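Enquirer: One structure is given below, represented as structure tokens, and several questions about it will come after.
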Amino acid sequence: MPAAPARKAPARAGAKPGTKSGTKTTGVRSGSNSVRPGSKRMTTKRSTDMMRRGSTPALVELTLEDQLSRACDALMGAKYILVGAGAGFSADSGLPTYDGIADVPAYKRMGLSYADICDPEWIQKDSGLFFGFWGTCYNAYQDTQPHEGYHILRELGDTLDEAREEAEAYKREREDAQRAQERAEREKADAKGLKVTTTSLSKPKAKAKAKAPSASLPSLFVYTSNVDGHFHTAGFPQGSVVEFHGSCMDWQCARPCKQKIWRLPNSFRFPVNKVSMRVQVVSIGMYLIPSLVNVPDSALPALRLFLETLETHYAPSSVVPYHNRAHAAGTLQFIHSLLRTLATPLSEGTSTEYNFGFTNKEILVALLAAVSHDVGHTGEDSRLASLILHSDPNKGEREGEGEGVQSDLDLEAMHAMLGWGLIVRTGLDTALDLDPFVDRGLFTRLILGTCLSRHGRAVDALQGMADRAKGGDKCLSRSDREALLSACLGL
């Protein structure tokens, strides 16, 4: 659609009555230098003449409508437009600004300001708090629709793109017409034996040059500090938006397990506890476990009860710095991510050459073991577990294993016993049809595999798998799969 030389300006993007506009827009001035026809106010030329004579600038005499009309002329005459948008722009969608994001009772109790809670080190110090904060932001951004200002800006960019395309098409048509005319004149002159002077258009081109980069660039660009991804949600073209503070829509593994950056599904929401502002065992387990294995709807209440009971048996980070509920949630996330990759069939694009062959029950038990593997940990020395399991911690030492190894093994055995006991107490074993021998055996062995001595054996088993793979054996046996899970859980 061609751009009108002078038309009523679009509403200021994101602006409210009595407030400043949320954007700053710059562009090349158009050739129009007078106010709208019919206006009784003085022209721009007269205003400029007065300023040159030292008189008071006459721009103050223009009505708001006339000023907006001039702004519209400048925008429609611009070749490119750069929009700078900050927190004030997204605030018009109803999103809180910096101070408001951290203005919740949980952060006040912890004495945390916005600057404190934004520190990326929280992912190592307290992953539950980290994902609670950014998860809350992500949920709010996904549940809030961009305001009309986004669409006005996008339509302005689309209009300029269309006008430029039409101008380029018109230019090509004129050049083609001129070439055709010169060709006809040359043919007519040749017939009469005359010579015709040609223009550069009719001269043969040596070699077609690459298309100018500017020809494919959008007419409107956005440079924003906002991390809500709303410009993309509003349909701005890819490559036209620079989010120099990053985006809550883009995620990457922190370990790093891979360099790839991905976007979460539109339907995903972080399960944040609104009281503690954390993503913990209950909330994250209720999302991760059913997302990877088939959990019947009838079993979901038992799964929630198990996770709620399990969380009460984990100490908070203020009591146990490491082996706590946040660690359990983080381990569950890691094993979930690992199994999601390994369990993907070859036909669905996984990069692995191996046929891991995990069954639905093996994946389910591995996830339950991951979230239960440190339940009941007090942060004390492993000898405490030996006192619980044996009246004398030196009893039951295995031949060839020292007291420290036995104590560590006793500690993991206590975690396995307590974890399976909670599964039975909450009725999850019945709801999920877990076998008290086969599935409990796998559950226990996976947790025992996190003991340092057992973990070393699992790693050795992985080396054996790699050696067999070199010989052409790409299919993992059940014992291989168990060793793989034990090694990864021990990590």
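Enquirer: Between a first residue in the stretch 216-231 that is among the acidic types (Asp, Glu) and a second residue that is open to solvent by less than 20 Å² (accessible area, probe 1.4 Å), which pairs have beta carbons less than 7 Å apart while being 6 or more apart in sequence or on different chains?
Expert: Final answer for the pair search is Asp228/Ser90; Asp228/Leu95; Asp228/Cys248.
Enquirer: Take Val371 and tell me if it is at pLDDT 75 or above and not in a helix (DSSP H, G or I).
Expert: No: the conditions fail for Val371.
Enquirer: Against the conditions (1) modelled with pLDDT under 85; (2) open to solvent by 90 Å² or more (accessible area, probe 1.4 Å), where does Thr198 fall short? Just the number, please.
Expert: The number of the failed condition is (2).
Enquirer: For the stretch 425-491, list the helices (runs of 4 or more DSSP H) that sit wholly inside it and hold at least 2 residues that are modelled with pLDDT under 65; which are they?
Expert: Where helices (runs of 4 or more DSSP H) fall fully within the stretch 425-491 and carry at least 2 residues being modelled with pLDDT under 65, they are 452-470.
Enquirer: What are the pairs, 6+ residues apart or on separate chains, where a residue within the stretch 95-113 that is closer than 13 Å to Ala140 by Cβ has its Cβ under 8 Å from a residue that is assigned to a loop (DSSP other than H, G, I, E, B) and among the acidic types (Asp, Glu)?
Expert: Leu95/Asp228; Pro96/Asp103
Enquirer: Another one. Tally the residues that are part of a loop (DSSP other than H, G, I, E, B) and either in contact with a His (Cβ under 6 Å, 6 or more places away or on another chain) or modelled with pLDDT under 80 (or both), restricting the search to the stretch 321-336.
Expert: Total satisfying the criteria: 3.
Enquirer: Further question on the same structure: Scan the stretch 274-294 for residues that are open to solvent by less than 20 Å² (accessible area, probe 1.4 Å) and assigned to a loop (DSSP other than H, G, I, E, B) and jot them down.
Expert: Of everything in the stretch 274-294, those that are open to solvent by less than 20 Å² (accessible area, probe 1.4 Å) and assigned to a loop (DSSP other than H, G, I, E, B) turn out to be Met277, Val279, Gln280, Val293.
Enquirer: Restricting attention to the stretch 258-267, report how many residues are without any contact (Cβ under 8 Å) to a residue 60 or more places away in the chain and under 18 Å from Gln333 (Cβ atoms).
Expert: Matching residues across the stretch 258-267 total 6.
Enquirer: Condition check: hydroxyl-bearing (Ser, Thr, Tyr), open to solvent by 70 Å² or more (accessible area, probe 1.4 Å) and either at pLDDT below 95 or not in a loop (DSSP other than H, G, I, E, B) (or both). Does Ser391 satisfy that?
Expert: yes
Enquirer: Look through the stretch 57-113, keep the residues that are among the β-branched types (Val, Ile, Thr) and assigned to a helix (DSSP H, G or I), and return whichever of them is surrounded by the fewest Cβ atoms within 10 Å (Cβ to Cβ).
Expert: Within the stretch 57-113, the match that is surrounded by the fewest Cβ atoms within 10 Å (Cβ to Cβ) is Val60.
The values are calculated or read from the model by the stated rules, or taken from the named source; none is laboratory data. Since the model is a prediction, treat every value here as computed from it, not as a measurement. Backbone-built Cβ (ideal geometry, glycine too); neighbour counts: all protein chains shown. These accessible areas exclude ligands, DNA and RNA; they are computed on the full protein's heavy atoms, side chains included. Shrake-Rupley method; radii C 1.70, N 1.55, O 1.52, S 1.80 Å.
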